[in-house]
Amino acid sequence: MDTKTLTDQYIFNTYKRYPLTIERARGSWVWDDRGKKYLDFFSGLAVSGIGHALPPVVRAIRAQAGKLIHSSNLYFTEPAALLAKELCRRSFAGKVFFCNSGAEANEAAIKLARKWGSKDGRYEIIVFENSFHGRTLGALAATAQPKFHEGFGPLPVGFPVAKFNQIDSVERLISPRTAAILIEPIQGEGGINPAKAVFLSALRRLADERKLLLMFDGVQCSLGRTGDLFSYQTYGVTPDVLTLAKGLGGGMPIAAMLAKEDLAHVLGPGDHGTTFGGNPVCSSAALAILKLLSPKLLKNVKNQSEIILQELRRILGSKSHVWEIRGVGLMIGVELTVPGAPYVDACRKRGLLINCTQTSVLRFLPPLALSALERQFALQVINTVLTR
Ligand code: PLP
């Protein structure tokens, strides 16, 4: 049986998969089971952020796997400790909690906010229309997109929904029960919607005045995507809590919840945990990724972004089926006035992997190490497919 048939027979049908079996990958490229090559302009959904199978990351994984794959969180392990130190050194944080996925990192943030607010009966976390925070029940309740909730109720309560980029809608929701605000600085699944800098600054002021935690979900938009290591640095607005996943392990499953040192006391032994959190092999991969996220690479993100946005506007700006072109760094969306799926298929047939979210937003998450030649190839395919 081929891979597709086996998958259909034995794996729950929870993903709408494209008809493509990927066998191997390197740098910005992936190969299918027939040897055809594709430019991964989607980076495995922002996971293989810099590129695939980066030699320093592969070396780190091999070396650590030969030494210690797992030991449990009942003991100390060096890679997790070093990774936490590096994340704190390069961010606002004083403490890190490691877990395995974006949803779990957000669950950790939700639990932190609830425990922090519990001393005075506060538990509500204000979230935003079109947000996406993951599929576990807490993260799902925080995800203000009703289509994801259908059939899974009752969900945890306490997630009032504000309008994105509208500060008065947030102010109106604050009550004696409010503990925190949770926001993606750039909504990904919601359709590549960047927050306005003034809005994030206003949220910071509001959180300070009303003594709330400001929590950023940086799962999709951090780790170099915006041209800075963390998206909050691009905006110049520092949160109290930041969640990371996707690009952190370069494909290894590792996620983290970062918090200011003042919040260190909130979670103590037994309050939270997960068996694989801070796994030595995943932590070693993440350490290698952080080393690769150098100022030179981040500069490449900003340069490539500027050229891609400029070119997309030049090629597509006047097309009647293109509604808007938007994005920050290498997180770019082209909103169409028609469904995007046929364009995704046409790009794939020409060797370019992209995706579509919210039915009509073509989403580009190119590798951060994208070269000029790769960019030209992608733009030429997009031009051919979208201007037909
Ligand atoms: N938060 C954001 C902003 C995301 O984009 C995603 C996944 O797309 C998640 C959380 C959930 O991450 P995971 O699928 O690793 O649980």
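Sorted largest first by accessible area at a 1.4 angstrom probe radius, with every protein chain in place, the residues K37, K16, K319 fall in the order K16, K37, K319. What the phi angles of the range 350-367 give under the Karplus curve with 6.51, -1.76 and 1.60, with θ = phi - 60°, is a coupling list of 9, x, 10, 8, 9, 9, 10, 10, 6, 6, 10, 10, 6, 10, 10, 10, x, x Hz, glycine and proline written as x. Take every Cα pair under 8 Å whose residues are at least 6 apart in sequence, average their separation, divide by the length of the chain, and the relative contact order is 22 percent. The stretch between R89 and F276 holds 65.0 nm of extra length on full extension. This uses 0.36 nm per residue minus the Cα-Cα distance.
Accessible surface calculations at 1.4 Å, restricted to protein heavy atoms, place the chain at 46 Å² per residue. Annotation: amide H-H contacts under 5 Å for S360 (H modelled 1.01 Å from N, sequence separation of 5 or more, or interchain): G340. Here the range 56-292 is treated with +1 on each Lys and Arg Cβ and -1 on each Asp and Glu Cβ, and its dipole about the Cα centre works out to around 400 debye.
Derived scalar couplings between HN and Hα for the range 307-323 equal 5, 5, 4, 4, 5, 4, 5, 5, 6, 10, x, 9, 6, 5, 8, 10, 8 Hz in order, rounded to whole Hz, by the Karplus curve 6.51 cos²θ - 1.76 cosθ + 1.60 (θ = phi - 60°), x for Gly and Pro. Dipole orientation for the chain: of the candidates P176, S294, A105, S294 has the Cα lying most toward the positive pole (charges on Cβ; Lys, Arg +1; Asp, Glu -1).
Accessible surface comparison of H149, H70, probe 1.4 Å, protein chains only, largest first: the order is H70, H149.
The H on the amide N of C99, modeled in the peptide plane, is under 5 Å from the matching H of A255, A256, M257, G278, each at least 5 residues off or on a different chain.
Given q = 0.18 Å⁻¹, what are the Debye log10 I(q)/I(0) values for the range 200-289, with equal point scatterers placed on the Cα positions and solvent ignored? The Debye formula, applied to the Cα set alone, gives -0.91. Computed on protein heavy atoms with a 1.4 Å probe, the accessible areas place D228, D2 in the order D2, D228, largest first. Residue separation of Q166 and R59 scaled by 0.36 nm, minus their Cα-Cα distance, works out to 33.9 nm of gained length. Restricting the calculation to Cα atoms, the range 291-338 shows an Rg/Rh of 1.12 when the hydrodynamic-style radius is the Kirkwood one. Ratio to report: Rg/Rh of the chain, with Cα atoms as the point set and Rh obtained by the Kirkwood method; give two decimals. Ratio of gyration radius to Kirkwood radius for the chain: 0.96.
Place +1 on the Cβ of every Lys and Arg and -1 on the Cβ of every Asp and Glu in the range 126-223, take the dipole about the Cα centre, and give the residue among L212, A141, N130 whose Cα lies farthest towards its positive end. Final value for the positive-end residue is L212.
Which percent of the accessible heavy-atom area of the range 1-151 goes to carbon and sulfur, probe 1.4 angstrom? Mind showing how you got there, number by number?
On the way: 4990 of 8770 Å².
Using a 1.4 Å probe with all protein chains present, the range 1-151 comes out at 57 percent carbon and sulfur.
Here the Karplus curve 6.51 cos²θ - 1.76 cosθ + 1.60, taken at θ = phi - 60°, turns the phi angles of the range 141-156 into couplings of 4, 6, 7, 8, 9, x, 4, 7, 8, 3, x, 10, x, x, 8, x Hz, with x standing for Gly and Pro. Among A197, A84, A93, the residue with the largest mean-square fluctuation in a Gaussian network model of the chain, with springs joining Cα atoms closer than 10 Å, is A197.
The values are calculated or read from the model by the stated rules, or taken from the named source; none is laboratory data. All figures in this text were calculated on a predicted structure; none of them were measured in a lab. Here Cβ is always computed from backbone atoms with ideal geometry, including for glycine, and neighbour counts include all displayed protein chains. Ligands, DNA and RNA are stripped out before the accessible areas are found, and what is left, the full protein with its side chains, is counted by its heavy atoms. Shrake-Rupley method; radii C 1.70, N 1.55, O 1.52, S 1.80 Å.
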